Amino acid sequence: MRPINEMQLTFESRSANEAFARTAVAAFAAPLDPRMDELCDIKTAVSEAVTNCIVHAYGEGSLGKIYISAKLFPDRRLRIKIRDCGCGIEDVKRAMEPAFTGFPDGERAGLGFSIMQSFMDRVRVSSRPGRGTSVIMEKRIPER
Amino acid sequence: MPLILNISDNVVCARLSGEIDHHGAKALREQIDSAAERVRPELLELDFSAVTFMDSSGIGLIMGRCRLMESLGGRVRVSGVSGQLGKVLRLSGIDRVAAIDRAESPARSKKDQERRRADETDQ
């Protein structure tokens, strides 16, 4: 199915860009006229994925690029791809388990992937250690 | 992100506002922890009623404060939770660790309250 609109963003893995990323994707999704709670779901999922790139893929203290592309489809699906060229994930399945965290200092809940999975319709993660990770998420906004 | 701390003998109340994400969480926890360590209150209240967005960094913030208050011999209460925040909190299961007071904001629409009631019956 061909998208009816698409966009791409590239930005540095600075934590200040977490708000920029979720706001930009929410603005792109606006033509679907999502409800407030659906918009919040999308913003939260994007925030989690981008935070993972900053905290885990590149690690705080080093900078890299984060790439977001998003597409809107005629069946009212929003597809978001968030990609980094960071350290990658050895065991994606394990990383996606609830409460798994690479930083067990008590300040990171380890809920990023759980939130993405429960707030979006579909989440697919692919990763190559040393090369980077990409997260593809989809959500359909029903017509009202 | 502005934070208002109300400090009395036995209670430190941290009124959070705006958007809570990984970017802002560090400054928040440093300010809250320095007050809690100084006052050593019985209760640390985290008031989320003016928070408009929160991702899992907010859960990390609550978890870390629970741990701190436990080490100081006190406890944490979370208040002013509604809408999207409630959804994130429920998913985390943090309500098994900290006392959560649901918000009853008069500004909230009737429809929203009904939806919330329906959500609560679901649990």
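FYI, it's all coordinate maths here, none of it is from the lab. Quantities reported herein were computed from a predicted structural model and do not represent experimental measurements. A quick note on method: Cβ atoms are made from the backbone with ideal geometry, for glycine too, and the neighbour counts reach across all protein chains shown.
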Gained length - A:T10 relative to A:R35, 0.36 nm times residue gap less alpha-carbon distance: 6.3 nm
Quick check: net charge around B:I7, other residues with Cβ under 14 Å of its Cβ, Lys/Arg +1 and Asp/Glu -1? -3
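For an R0 of 25 angstrom, estimate the FRET efficiency from the Cβ-Cβ distance between A:R122 and A:R2 and round to the nearest 0.05. Before the final figure, lay out each step's value.
On the way: r = 19 Å, r/R0 = 0.76.
The formula returns an efficiency of 0.85 here.
Arrange A:F20, B:F53 by Cβ neighbour counts within 10 Å, fewest through most, would you? Don't jump to the answer; show the numbers that get you there.
On the way: A:F20 14, B:F53 20.
Starting with the residue having the fewest Cβ neighbours, the order is A:F20, B:F53.
Averaged over all directions, how much area does the convex hull of the C-alpha atoms of the protein assembly as shown cover when projected, in nm²? Before the final figure, lay out the partial values.
On the way: hull surface 59.2 nm².
Projected area, direction-averaged: 14.8 nm².
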Given +1 on the Cβ of Lys and Arg, -1 on the Cβ of Asp and Glu, and no further charges, what dipole in debye does the protein assembly as shown carry about its Cα centre, rounded to the nearest 20? 820
Dimensionless Rg/Rh of chain A, both radii on Cα and Rh by Kirkwood, sits at 0.96
Label zone at B:I7 (point 7 Å along Cα-to-Cβ), backbone N below 18 Å, segment B:16-60: B:16, B:27-47
